[in-house]
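K.L.:
Dropping a structure here in C-alpha cells format, bear with me for questions.
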Amino acid sequence: MKKQGKIFTVFSHKIIVATGILILTLLYFIDVSSLNNPEDKLLVNSVIWIIILLYPIIIWQEWREKNNKTSEKAGITEQLLDDVNLTDQQGEESDDEETSARLNKRIFYFMLSTFLYLVIMNYLGFIITTIIYMPILMLILGTTSKKILIILPIVFTILLYILFNNLLGIPLPQGLLLQEVF
C-alpha cells in the first residue's frame, strides 16, 4: 500500500526544477537588460525567450505524463489485487523507495560536486579543477572503469582548453593560485 505522507513526488520535483530554471532565467534577463550594446543581448535574449515559451509546454507534458501513469497504475493495481497478495506488493514498493533514495543521493552528490567545482575553479583554475571534477562526477554516475576515469578527464580537459583558448580565443579561468605563479 502507498504511504500517505509523501510531500514531494517525482511530478512535483520536475515542476519545482522547471520553475526554478524559469525564475533564474528571468533574473538573468533582468540583469542582461542593463547592457547598452544590443548586439551583446542578441543571443541571450533569444535563448531566454525560448526557455520562457517552452516552460508551459514542459508543465503540460509533465502533467499529462503524471495522469497517464496514474491511470496505468490504477489498471495494474486492479490486476495485481486479483493475481498477487498484498505482501508481494509491499516488497515491490520498498524496492521502488530504495531506488528513489539512491537516485536522490546521486542527484544531491551531483549538485554538490558541481557547486564545489564552480567555487574551486576560481582558485585552482579550469584545468586542475576539471581534471579533478570529471572523475568524481563519473563515479557518482556509476562509471567503474579505471582507464576511463583517468584518461577521459585529461583528454577532454585538454581538448576543451585547446578549443576555447586557441580556436575560439576565449580564455578559461587560470585560478588565483596559478595567476600569482605565472
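K.L.:
Along the range 114-131, what does the Karplus equation 6.51 cos²θ - 1.76 cosθ + 1.60 (θ = phi - 60°) give for ³J(HN,Hα), rounded to whole Hz, x for Gly and Pro?
P.N.:
5, 4, 4, 4, 5, 6, 6, 4, 5, 9, 9, x, 5, 4, 5, 5, 5, 5
K.L.:
Among the listed pairs Lys105/Lys146; Lys41/Lys105; Lys41/Lys69, which have their C-alpha atoms separated by more than 30 angstrom in this model?
P.N.:
Lys41/Lys105; Lys41/Lys69
A short reminder: the numbers here are calculations on the coordinates, not readings from a lab. All of these numbers come straight from a predicted model, not from anything done at the bench.
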